[in-house]
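As structure tokens, the structure follows; a few thoughts come after it.
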Amino acid sequence: MKKTELIEAVMQKMKFTHDRAVSKADVNALLDSLGDVCSEALQTTGEFTLQGIGKLKVSARASRTGRNPQTGAQIEIAAKRVVKFSTTKTLDEALNK
């Protein structure tokens with residue numbers, strides 16, 4: 001789902017479920033703010049939870065030896081921090097009905 005599709009879906013959900021009309025600009029601002037809050041939380045605490053959906057968590061990936069596919073030469077891939085996502089049990093169950 002692209003951002004424009006998500007904005008439309010949120011607008012429709014708010015209109016029919018909560019009987020409240022919201023503008024595209026409001027939903028867009030909300031999504032941008034959510035992204036900012038998520039990024040800040042990951043940088044400061046290392047995790048961000050989306051209630052009912054899942055948790056984003058910062059994890060360390062160790063350095064490792066890789067291979068250049070063009071030359072076949074071995075290269076050292078540096079260690080880095082990555083974000084991992086795990087879904088909630090409720091979402092897992094809903095997807096696997």
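Between 0 and 90 degrees, the angle of helix 3-17 with respect to the longest Cα principal axis of the chain falls at about 30 degrees. The lysines within cross-link reach of LYS3, meaning a Cα-to-Cα straight distance under 17 Å and a gap of 8 or more places when in the same chain, are LYS13, LYS24.
Here the chain is assigned +1 on the Cβ of each Lys and Arg and -1 on the Cβ of each Asp and Glu. Its dipole about the Cα centre then comes out at about 380 debye.
Please identify which residues in the stretch 1-21 have an amide N closer than 14 Å to a label point set 7 Å out from the Cα of LEU50, following the Cα→Cβ vector. Once the point is set 7 Å along Cα→Cβ of LEU50, 1-7, 9-10 turn out to lie under 14 Å by backbone N, inside the stretch 1-21. What is the log10 of I(q)/I(0) for the chain, computed with the Debye formula using one identical point scatterer on each Cα and no solvent, at q = 0.12, 0.14, 0.16 Å⁻¹? Taken in order of the listed q values, log10 I(q)/I(0) reads -0.64, -0.79, -0.91. The Cα atoms of the stretch 46-97 give a gyration tensor whose axes a ≥ b ≥ c have a/c of 1.5 or more with a/b no greater than b/c, which makes the shape oblate. Against the chain, whose longest principal axis is taken from its Cα atoms, helix 24-44 shows a tilt of about 40°.
Bear in mind these aren't lab numbers, they're just calculated from the coordinates by the rules spelled out. Predicted model, so just to flag it, every value in this text is computed and none were measured. Using ideal geometry, Cβ is built from the backbone for each residue, glycine included, and neighbour counts are taken over all protein chains shown.
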